[in-house]
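Report on one structure; see the data block that follows.
The values are calculated or read from the model by the stated rules, or taken from the named source; none is laboratory data. For clarity, every value in this text was computed on a predicted model and none was experimentally measured. As a convention, Cβ positions derive from the backbone with ideal geometry for all residues, glycine included, and neighbour counts pool all protein chains shown. Calculation scope for accessible area: heavy atoms of the full protein, side chains included, ligands and nucleic acids excluded. Shrake-Rupley method; radii C 1.70, N 1.55, O 1.52, S 1.80 Å.
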Amino acid sequence: MRLPLFLPALLVSSAFAAETYLLKEPDEALGLSVETLSVAKNSTTTTRTEGGVRTSHKADVVRWRQWNRTFRDDALGGKVHYRMLRDEVTTRLDGDERTQAGPLHGRIAMGQRNGAGNWVFTLEEGAAVGDQVTELESIQAIENRRWLPNRKVAIGETWEFTPQFIRNTLRRDVKNAVAVGLMELVAVDKMPDGGRQARIKVVVRAGGEEVKSAREVVGAEGMLSGEMTVELDRPGAMVLRLAGTVVSEAKVGTTGAVARIPVTLRFESEPLP
(Lines give C-alpha, C1' and ligand atoms only; values in the text may rest on other atoms or scores of the structure.)
Protein backbone atom coordinates (compact mmCIF):
# COMPACT_ATOMS: atom_id res chain seq x y z
CA MET A 1 0.00 0.00 0.00
CA ARG A 2 1.33 3.40 -0.94
CA LEU A 3 1.33 6.08 1.78
CA PRO A 4 -0.25 9.44 0.97
CA LEU A 5 2.29 12.09 0.02
CA PHE A 6 1.20 14.39 2.82
CA LEU A 7 1.81 11.83 5.60
CA PRO A 8 5.57 12.54 6.14
CA ALA A 9 4.87 16.26 6.50
CA LEU A 10 2.03 15.52 8.91
CA LEU A 11 4.32 13.35 11.04
CA VAL A 12 7.01 16.04 11.17
CA SER A 13 4.58 18.79 12.18
CA SER A 14 3.04 16.57 14.87
CA ALA A 15 6.46 15.69 16.30
CA PHE A 16 7.30 19.34 16.78
CA ALA A 17 3.87 20.46 18.02
CA ALA A 18 4.24 22.41 21.27
CA GLU A 19 3.17 20.51 24.36
CA THR A 20 0.60 22.34 26.46
CA TYR A 21 -0.24 22.24 30.16
CA LEU A 22 -3.50 23.06 31.91
CA LEU A 23 -3.00 25.98 34.29
CA LYS A 24 -6.13 26.63 36.35
CA GLU A 25 -7.10 27.87 39.78
CA PRO A 26 -8.04 25.09 42.22
CA ASP A 27 -11.69 24.10 42.58
CA GLU A 28 -13.47 26.42 45.01
CA ALA A 29 -14.53 23.44 47.16
CA LEU A 30 -10.90 22.50 47.87
CA GLY A 31 -9.71 23.21 51.41
CA LEU A 32 -6.39 25.07 51.60
CA SER A 33 -3.75 25.94 54.15
CA VAL A 34 -2.41 29.39 53.25
CA GLU A 35 0.54 31.42 54.48
CA THR A 36 1.54 34.93 53.41
CA LEU A 37 4.66 36.85 54.37
CA SER A 38 5.37 40.44 53.42
CA VAL A 39 8.61 42.16 54.37
CA ALA A 40 9.40 45.84 53.92
CA LYS A 41 13.04 46.08 55.01
CA ASN A 42 15.19 49.22 55.20
CA SER A 43 12.30 51.46 54.18
CA THR A 44 13.22 55.14 54.27
CA THR A 45 10.88 58.09 54.67
CA THR A 46 12.25 61.56 53.97
CA THR A 47 10.27 64.64 54.97
CA ARG A 48 10.95 68.17 53.68
CA THR A 49 9.52 71.25 55.42
CA GLU A 50 8.77 74.67 53.93
CA GLY A 51 12.04 75.93 55.37
CA GLY A 52 13.97 73.28 53.48
CA VAL A 53 14.73 71.16 56.55
CA ARG A 54 14.95 67.44 55.79
CA THR A 55 14.43 64.58 58.22
CA SER A 56 14.75 60.87 57.49
CA HIS A 57 13.51 57.74 59.26
CA LYS A 58 14.24 54.05 58.66
CA ALA A 59 11.70 51.31 59.28
CA ASP A 60 11.17 47.57 58.85
CA VAL A 61 7.73 45.96 58.76
CA VAL A 62 7.17 42.18 58.70
CA ARG A 63 3.64 40.83 58.27
CA TRP A 64 3.02 37.10 58.71
CA ARG A 65 -0.42 35.53 58.25
CA GLN A 66 -1.62 31.92 58.29
CA TRP A 67 -5.15 30.66 57.76
CA ASN A 68 -7.18 27.61 56.79
CA ARG A 69 -9.63 28.11 53.94
CA THR A 70 -12.70 25.88 53.78
CA PHE A 71 -15.83 25.87 51.63
CA ARG A 72 -19.36 24.91 52.62
CA ASP A 73 -21.97 24.44 49.93
CA ASP A 74 -25.54 25.69 50.39
CA ALA A 75 -28.59 26.66 48.36
CA LEU A 76 -27.21 30.19 47.80
CA GLY A 77 -23.94 29.12 46.19
CA GLY A 78 -21.88 28.32 49.25
CA LYS A 79 -19.74 30.14 51.80
CA VAL A 80 -15.97 30.42 52.20
CA HIS A 81 -14.46 30.50 55.68
CA TYR A 82 -11.01 31.83 56.53
CA ARG A 83 -9.95 30.71 60.02
CA MET A 84 -7.11 33.10 60.85
CA LEU A 85 -4.59 31.04 62.80
CA ARG A 86 -1.94 33.73 62.89
CA ASP A 87 -1.89 37.43 62.06
CA GLU A 88 1.28 39.08 63.35
CA VAL A 89 3.01 42.38 62.61
CA THR A 90 6.55 43.23 63.66
CA THR A 91 7.73 46.82 63.19
CA ARG A 92 11.12 48.39 63.79
CA LEU A 93 11.31 52.18 63.61
CA ASP A 94 14.72 53.80 64.08
CA GLY A 95 15.84 50.73 66.07
CA ASP A 96 12.76 50.43 68.29
CA GLU A 97 11.11 47.00 67.66
CA ARG A 98 7.56 45.93 68.49
CA THR A 99 5.49 42.82 67.67
CA GLN A 100 1.72 42.78 67.95
CA ALA A 101 -1.28 40.79 66.79
CA GLY A 102 -2.85 41.87 63.52
CA PRO A 103 -6.49 42.95 63.18
CA LEU A 104 -7.81 39.49 62.24
CA HIS A 105 -5.74 37.29 64.57
CA GLY A 106 -7.91 34.48 65.94
CA ARG A 107 -10.97 35.57 63.97
CA ILE A 108 -13.03 33.78 61.30
CA ALA A 109 -13.88 35.65 58.11
CA MET A 110 -16.83 34.48 56.03
CA GLY A 111 -17.19 35.09 52.30
CA GLN A 112 -20.38 35.07 50.21
CA ARG A 113 -20.85 35.86 46.53
CA ASN A 114 -22.35 39.21 45.53
CA GLY A 115 -24.46 39.91 42.45
CA ALA A 116 -21.33 40.13 40.26
CA GLY A 117 -20.16 36.69 41.39
CA ASN A 118 -17.27 37.96 43.52
CA TRP A 119 -16.58 36.93 47.10
CA VAL A 120 -17.30 39.58 49.76
CA PHE A 121 -16.10 38.97 53.32
CA THR A 122 -17.45 39.84 56.74
CA LEU A 123 -16.52 38.62 60.20
CA GLU A 124 -18.41 35.49 61.20
CA GLU A 125 -19.05 37.05 64.61
CA GLY A 126 -19.44 40.77 65.21
CA ALA A 127 -19.01 43.75 62.94
CA ALA A 128 -15.61 44.67 61.47
CA VAL A 129 -14.16 47.92 62.81
CA GLY A 130 -11.07 49.98 62.08
CA ASP A 131 -8.25 48.10 60.36
CA GLN A 132 -10.37 44.94 60.23
CA VAL A 133 -12.35 46.47 57.36
CA THR A 134 -9.18 47.00 55.31
CA GLU A 135 -7.94 43.51 56.11
CA LEU A 136 -11.19 41.94 54.95
CA GLU A 137 -10.75 43.77 51.65
CA SER A 138 -7.25 42.28 51.40
CA ILE A 139 -8.44 38.70 51.77
CA GLN A 140 -11.24 39.42 49.29
CA ALA A 141 -8.55 40.28 46.77
CA ILE A 142 -6.81 36.97 47.47
CA GLU A 143 -9.99 34.89 47.22
CA ASN A 144 -11.08 36.63 44.00
CA ARG A 145 -7.67 36.27 42.35
CA ARG A 146 -7.40 35.21 38.71
CA TRP A 147 -3.70 34.48 38.45
CA LEU A 148 -3.86 31.40 36.23
CA PRO A 149 -5.53 31.55 32.79
CA ASN A 150 -7.72 28.42 33.29
CA ARG A 151 -6.67 26.97 29.94
CA LYS A 152 -3.86 25.00 28.35
CA VAL A 153 -0.61 26.94 27.92
CA ALA A 154 2.60 26.20 26.04
CA ILE A 155 6.08 26.99 27.37
CA GLY A 156 6.96 30.57 26.43
CA GLU A 157 3.32 31.68 26.34
CA THR A 158 2.28 34.76 28.34
CA TRP A 159 -0.96 36.05 29.83
CA GLU A 160 -2.05 39.15 31.72
CA PHE A 161 -3.59 39.21 35.18
CA THR A 162 -4.76 41.87 37.62
CA PRO A 163 -2.70 41.86 40.84
CA GLN A 164 -5.48 43.08 43.11
CA PHE A 165 -3.43 42.55 46.27
CA ILE A 166 -0.92 45.18 45.07
CA ARG A 167 -3.56 47.55 43.73
CA ASN A 168 -5.55 47.46 46.97
CA THR A 169 -2.44 48.28 49.00
CA LEU A 170 -1.67 51.36 46.91
CA ARG A 171 -5.31 52.47 46.95
CA ARG A 172 -5.09 53.02 50.70
CA ASP A 173 -3.13 56.17 49.80
CA VAL A 174 -4.01 56.74 46.12
CA LYS A 175 -7.63 55.91 45.36
CA ASN A 176 -7.19 55.65 41.59
CA ALA A 177 -4.05 53.48 41.65
CA VAL A 178 -3.92 50.75 39.01
CA ALA A 179 -1.83 47.60 38.72
CA VAL A 180 -1.08 45.31 35.80
CA GLY A 181 0.68 41.97 35.79
CA LEU A 182 2.19 39.63 33.24
CA MET A 183 2.97 35.93 33.64
CA GLU A 184 4.98 33.60 31.39
CA LEU A 185 5.26 29.83 31.57
CA VAL A 186 9.03 29.26 31.43
CA ALA A 187 9.33 25.53 32.23
CA VAL A 188 7.66 22.41 33.56
CA ASP A 189 9.99 20.35 35.77
CA LYS A 190 9.83 16.84 37.14
CA MET A 191 9.73 16.76 40.95
CA PRO A 192 11.47 14.12 43.13
CA ASP A 193 8.10 12.44 43.80
CA GLY A 194 7.40 12.18 40.07
CA GLY A 195 4.92 15.05 39.93
CA ARG A 196 5.14 17.99 37.52
CA GLN A 197 5.82 21.56 38.60
CA ALA A 198 5.23 24.60 36.39
CA ARG A 199 7.62 27.52 36.77
CA ILE A 200 6.06 30.86 35.88
CA LYS A 201 7.80 34.23 35.56
CA VAL A 202 5.83 37.11 37.11
CA VAL A 203 6.15 40.90 36.60
CA VAL A 204 3.89 43.48 38.27
CA ARG A 205 3.77 47.24 37.65
CA ALA A 206 1.56 49.60 39.61
CA GLY A 207 1.04 53.29 40.26
CA GLY A 208 -1.21 56.29 40.28
CA GLU A 209 -1.54 59.94 41.24
CA GLU A 210 -4.32 61.79 42.98
CA VAL A 211 -4.77 65.57 43.15
CA LYS A 212 -6.62 66.17 46.40
CA SER A 213 -6.54 69.97 46.18
CA ALA A 214 -4.72 72.79 44.42
CA ARG A 215 -1.83 72.33 46.85
CA GLU A 216 -2.00 68.63 47.80
CA VAL A 217 -0.91 65.79 45.53
CA VAL A 218 -0.19 62.15 46.42
CA GLY A 219 1.28 59.49 44.19
CA ALA A 220 2.74 56.01 44.26
CA GLU A 221 4.47 53.64 41.88
CA GLY A 222 6.14 50.28 42.13
CA MET A 223 7.53 47.33 40.22
CA LEU A 224 7.80 43.78 41.51
CA SER A 225 9.07 40.65 39.81
CA GLY A 226 9.63 37.03 40.72
CA GLU A 227 8.40 33.51 40.14
CA MET A 228 5.40 31.33 40.85
CA THR A 229 5.53 27.55 41.02
CA VAL A 230 2.38 25.47 40.57
CA GLU A 231 2.17 21.71 41.10
CA LEU A 232 0.18 20.40 38.14
CA ASP A 233 -0.70 17.05 39.73
CA ARG A 234 -1.62 18.42 43.18
CA PRO A 235 -4.28 21.16 42.81
CA GLY A 236 -3.92 24.01 45.29
CA ALA A 237 -0.16 23.60 45.85
CA MET A 238 1.54 26.81 44.72
CA VAL A 239 4.15 29.33 45.83
CA LEU A 240 4.42 32.95 44.64
CA ARG A 241 7.52 35.02 45.44
CA LEU A 242 7.93 38.66 44.42
CA ALA A 243 10.49 41.36 45.19
CA GLY A 244 10.80 45.00 44.19
CA THR A 245 10.42 48.59 45.35
CA VAL A 246 7.39 50.80 46.00
CA VAL A 247 7.81 54.57 46.13
CA SER A 248 5.09 56.87 47.48
CA GLU A 249 5.14 60.65 47.65
CA ALA A 250 2.89 63.29 49.18
CA LYS A 251 3.19 67.05 48.54
CA VAL A 252 1.39 69.91 50.24
CA GLY A 253 2.67 73.14 48.74
CA THR A 254 6.43 73.19 49.26
CA THR A 255 6.39 70.53 51.99
CA GLY A 256 6.30 66.85 51.34
CA ALA A 257 7.39 63.30 52.18
CA VAL A 258 8.83 60.50 50.07
CA ALA A 259 8.81 56.86 51.19
CA ARG A 260 11.00 54.31 49.39
CA ILE A 261 10.05 50.77 50.39
CA PRO A 262 11.95 47.66 49.27
CA VAL A 263 9.36 44.86 49.42
CA THR A 264 9.43 41.06 49.30
CA LEU A 265 6.20 39.05 49.21
CA ARG A 266 5.48 35.35 49.53
CA PHE A 267 2.16 33.54 49.08
CA GLU A 268 2.07 29.80 49.68
CA SER A 269 -0.89 27.42 49.65
CA GLU A 270 -1.23 23.67 50.26
CA PRO A 271 -4.31 21.46 50.05
CA LEU A 272 -5.66 20.57 53.48
CA PRO A 273 -5.44 16.86 54.42
Next item on the list: Quickly work out the LYS58-to-ALA116 label distance, labels modelled 7 Å from Cα along the C-beta direction, and quote it in nm with one decimal.
Entry: 4.2
Checklist line | Taking only Cα atoms of segment 67-129, radius of gyration then Dmax in Å | finding: 15.6, 54
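Run the helix sum for the chain: -39,500 (n - 2.57) per DSSP H stretch of 4+ residues, divided by residue count, reported at 222 nm to the nearest 500 deg cm²/dmol.
-3000 deg cm²/dmol
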Notebook entry, point to check: Per residue, how much accessible area does the chain have with a 1.4 Å probe, in Å²?
Noted result: 58
Notebook entry, point to check: Not counting the cut sites, what is the longest span of the chain without GluC sites (Glu not before Pro) that DSSP labels loop and that have at most 12 other Cβ atoms within 10 Å?
Noted result: 126-273
Item checked: lysines with Cα under 17 Å of LYS251, excluding same-chain neighbours fewer than 8 positions away -> LYS175, LYS212
Check: So what is the relative contact order for the chain, in percent, with contacts set as C-alpha pairs under 8 Å and at least six apart?
Finding: 19
Next item on the list: Could you tell me which of LEU93, LEU76, GLY106 has its Cα farthest along the dipole of segment 64-111 towards the positive end, charges placed at Cβ (Lys, Arg +1; Asp, Glu -1), taken about the Cα centre?
Entry: LEU76
Next item on the list: Compute the long axis of helix 131-143 from its Cα atoms, compare it with the longest principal axis of the Cα atoms of the chain, and write down the angle in degrees, 0 to 90, nearest 10.
Entry: 10
Note to self: Given axes a ≥ b ≥ c from the Cα gyration tensor, I'd like to know whether segment 112-252 is rounded (a/c under 1.5), prolate (a/b larger than b/c) or oblate.
What the structure shows: oblate
Margin query: Let me make sure I get this right: for segment 102-186, a, b and c are the square roots of the gyration tensor eigenvalues over alpha carbons, sorted descending. Under 1.5 in a/c it's rounded, otherwise prolate if a/b > b/c, else oblate. Which is it?
Written below: prolate
Margin query: Checking the cross-link filter: which lysines have an alpha carbon closer than 24 Å to that of LYS190, excluding same-chain neighbours under 8 positions apart?
Written below: LYS24, LYS152, LYS201
Next item on the list: Once you have all Cα-Cα distances for the chain, histogram them in 5 Å bins from zero and send the whole-percent values.
Entry: 1, 5, 10, 13, 15, 15, 13, 9, 6, 4, 3, 2, 1, 1, 1, 0, 0, 0, 0
